[in-house]
Amino acid sequence: MSVGRPTIPTALERDLKLEVGYRCPMPQCRETELDRAHLVDYSKTHDDSFGNQIMLCPTCHRKHTKGTVTTQDLRVLKARLAWENDRYTGTEIKILSLFAQHHGTHFSHSKRWAPCVRFLNADGYIEWVRDDVAEGVPADVYRLTDNGRLFAQAWAESGARQFEFNGPDLRPRQAD
Ligand SMILES: [Zn+2]
């Protein structure tokens with residue numbers, strides 16, 4: 001670990017281990033010795049969020065480093081795990097579905113229901129942009145991060161449940 005790099009909080013490390021049930025999550029592997037792996041190399045993004053990390057055994061970690069296991073493979077794996085672990089709320093699954101089906105990066109969401117998007121926020125897939133008012137109700141505008149946009153694609157590829165979008169209940173927004 002290089003000097004100045006923040007140490008990972010214990011709670012996040014535990015969350016990553018619980019995500020995989022303390023075993024390597026690669027199908028057919030199930031090794032119990034675990035490394036913390038970044039989906040996109042830490043040196044490129046300085047992203048230490050839950051959404052950019054996964055626990056892998058040293059052998060599978062090396063396969064990722066060499067590119068045999070791609071970053072998008074790991075995103076699909078994380079989408080499957082999230083689905084199996086019931087990590088995301090119905091609203092969050094709608095947001096992932098929306099952006100898998102529509103271009104765009106921004107959406108507006110009622111402040112009253114902010115807890116419904118807390119995991120996408122904490123995991124680094126969305127970030128708050130500004131306050132908004134939607135039909136007279138205080139709202140927040142969020143944007144999908146780059147990792148979030150790719151995770152939405154992975155969600156669709158993973159076979160997890162998707163909502164079909166033709167209704168107005170979530171609104172794609174233009175970037176400012
Ligand atoms: Zn493994």
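The values are calculated or read from the model by the stated rules, or taken from the named source; none is laboratory data. Predicted model, so just to flag it, every value in this text is computed and none were measured. Glycine gets a Cβ as well: all are built from the backbone with ideal geometry, and neighbour counts include every protein chain shown. These accessible areas exclude ligands, DNA and RNA; they are computed on the full protein's heavy atoms, side chains included. Shrake-Rupley method; radii C 1.70, N 1.55, O 1.52, S 1.80 Å.
Points to keep in mind about this one:
- Cross-link reach is defined here as a Cα-Cα straight distance under 18 Å, omitting same-chain residues fewer than 8 places apart; for residue 66 the aspartates and glutamates meeting it are 35, 41.
- For residue 24, the solvent-accessible surface with a 1.4 Å probe is about 0 Å², rounded to the nearest 10.
- Average accessible surface area per residue within the chain, 1.4 Å rolling probe, Å²: 55 Å²
- Percent carbon-and-sulfur accessible area, the stretch 27-66, ignoring ligands, DNA and RNA, probe 1.4 Å: 45 percent
- Modelled this way, with points 7 Å down the Cα-to-C-beta line, the labels at residue 32 and residue 133 are 5.9 nm from one another.
- For residue 61, the solvent-accessible surface with a 1.4 Å probe is about 40 Å², rounded to the nearest 10.
- Cα centroid of the stretch 65-97 to Cα centroid of the stretch 1-54, whole Å: 14 Å
- Residues 157, 127, 135 ordered from highest to lowest accessible area at a 1.4 Å probe: 135, 157, 127.
- Isolated cysteines in the chain, defined as those with no second cysteine Cβ under 4.7 Å, comprise 60, 116.
- Choice from 139, 100, 37 with maximal GNM fluctuation in the chain (Cα, 10 Å cutoff): 139
- Rounded to 10°, Cα long-axis angle of helix 71-85 versus longest principal axis of the chain: 70 degrees
- Built amide H within the under 5 Å cut-off of residue 29, gap 5+: none
- For the chain, the longest site-free run once trypsin sites (Lys or Arg not before Pro) in DSSP loop states with at most 14 other Cβ atoms within 10 Å are removed: 31-160
- Spin-label zone in the stretch 34-49 - amide nitrogen under 12 Å from a point set 7 Å from the Cα of residue 10 along the C-beta vector: none
- For the chain, the Stokes-Einstein estimate of translational diffusion at 10 °C and a viscosity of 1.306 mPa s comes to 93 µm²/s, using the Kirkwood hydrodynamic radius over alpha-carbon pairs.
- Gain on full stretching of the segment that runs from residue 84 to residue 165 - 0.36 nm per residue minus C-alpha separation: 26.9 nm
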